[in-house]
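Please read the structure below before turning to the comments.
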Amino acid sequence: MSLINLKNLLGHAKSNKYAVGAFAMTNIDFIEALLESAIEKKSPIILLLAEVHFKYLDIERVAPIIIDRARSANIPVCVSLDHGLNFKTIVKAIRCGFNSVMFDGSKFPLKENISQTKEITRIAHAVDVSVEAELGYVGGESVGEKAPESHTPDKNLFTNVKDAKRFYEETGIDALAVAVGNVHGIYKGEPKLDFELLKELSDTLPIPLVLHGGSGISDDDYKKSIELGICKINYYTGMTMAAVKRMRAYLTENPDVNSYPDIIKTSMLAIMEDVKERLDVFGSTGKCDSSDSLCLSCDDRSCGINIRDNNHSSSGTISYKDLIKTISDKVSNNILNLSNK
Ligand code: 13P
């Protein structure tokens, strides 16, 4: 069992200066490819299902499969709705067992975005589900019917620091997706992230910040963003393009192939290679490597993340050695009590 909600997971990432990769799934094969990559890298991971992708994966049908597989992964996994666009979708995701939801009210005026996000946060928090919201406008999400389009970020839609402070204070969200020069899909030209703005946002807000539109950003820019407070990086277009490219090459090299599973397997290997590279750059590789730590607040007892700061909502944490000692003390006390009777 290894489900951990976004608040707890990103709290650990923030204190330890790394980012957790959040990867969008658009078919069942992604689940295995993503989890296997994270297990191999001993890294936590966030599995995303975006509302615009429900036409490929119906959340109500696939949630039991995703959650069941995530629970047995033995690494910390957060299962999150991505870009939920309305109240109904958010509630549906919570009912399906997702332990994190992103409400994207970025197209609404500030006041409306605040009021809807606040209501959603109140409901989600009542059942220990974390909430990410977006302020400013990232735009350009890949839906996948055609090749992803290229976009240029609009400076006028970057996240405003004063609004972000108000937004956080009034909604009580757990993480904020910011617009600082990032766009979904393909960047027109070189991405130019506004690091000054990112620093200001991160100095102003106590919560973890999220970078959407992770595809196309250079390793140096990922690292700099993480240094400046980015704790979650959303990634999709790069994986799907890597899969299609590999599939094309495979079919060109093997024109007689007619084994569908082999074609799928080839594309999934390309996805895994891409994902594992991201986990390395995001700094999350090896974060579940510790063998003597336990986290008693998430529902995993062996995930390896030893959260000793205050990121966990309820109980504290205890090391494996402490736990053995506690159990041994309890057992010997009981024996003593019995023999004294
Ligand atoms: P990319 O498709 O640009 O990697 O962005 C993914 C994303 O941000 C999903 O929310």
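The values are calculated or read from the model by the stated rules, or taken from the named source; none is laboratory data. Owing to the predicted nature of the structure, the values given are computational and were not obtained by experimental measurement. Cβ placement follows ideal geometry from the backbone for every residue including glycine, while neighbour counts extend to all protein chains displayed.
Per-structure values
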| read-out | value |
| --- | --- |
| Only one of Gly189, Gly238 that is within 16 Å of the ligand (Cβ to nearest atom), of a type in the set (Gly, Ala, Ser) and modelled with pLDDT of 95 or more | Gly238 |
| Meets criteria (within 14 Å of the ligand (Cβ to nearest atom) and not in a helix (DSSP H, G or I)) for Leu81 | yes |
| Failed item, numbered, when Tyr236 is tested on (1) in contact with a Pro (Cβ under 7 Å, 6 or more places away or on another chain); (2) buried (at least 21 other Cβ atoms within 10 Å of the Cβ); (3) of a type outside the set (Gly, Ala, Ser) | (1) |
| Selected residue [more than 15 Å from the ligand (Cβ to nearest atom), within 18 Å of Asn8 (Cα to Cα) and of a type in the set (D, E, K, R)] from Lys232, Lys287, Lys265, Lys224 | Lys287 |
| Region 124-142, subset surrounded by fewer than 16 Cβ atoms within 10 Å (Cβ to Cβ) and of a type outside the set (Asp, Glu), residue nearest to Cys78 (Cα to Cα) | Val127 |
| Scan of region 34-58 for residues that are crowded, with 24+ Cβ neighbours inside 10 Å, among the small types (Gly, Ala, Ser) and over 18 Å from Lys92 (Cα atoms), ordered by number | Ala38, Ser43 |
| Within region 16-50, considering residues that are among the aromatic types (Phe, Trp, Tyr) and closer than 17 Å to Cys231 by Cβ, the one nearest to the ligand (Cβ to nearest atom) | Phe23 |
| Qualifying residue in region 12-23 (condition: among the aromatic types (Phe, Trp, Tyr) and within 24 Å of Lys265 (Cβ to Cβ)) | yes |
| Hits in region 36-56 - residues which are under 10 Å from Val275 (Cβ atoms) and touching a strand residue (DSSP E or B) at 6+ places or on another chain (Cβ under 9 Å) | Ser37, Ala38, Ser43, Ile45 |
| Residues of region 121-143 classified as modelled with pLDDT of 95 or more and over 24 Å from Glu170 (Cβ atoms), total | 0 |
| Residue within region 249-261 that is in contact with a strand residue (DSSP E or B) (Cβ under 7 Å, 6 or more places away or on another chain), among the hydroxyl-bearing types (Ser, Thr, Tyr) and at pLDDT 95 or above present | no |
| Entirely in region 157-276, the helices (runs of 4 or more DSSP H) that have 3 or more residues that are of a type in the set (Ser, Thr, Tyr) | 237-253 |
| Residue match in region 56-78 (condition: part of a strand (DSSP E or B) and at pLDDT 95 or above) | yes |
| Out of Lys118, Lys146, sole residue that is within 16 Å of the ligand (Cβ to nearest atom) and either modelled with pLDDT under 95 or of a type outside the set (S, T, N, Q) (or both) | Lys146 |
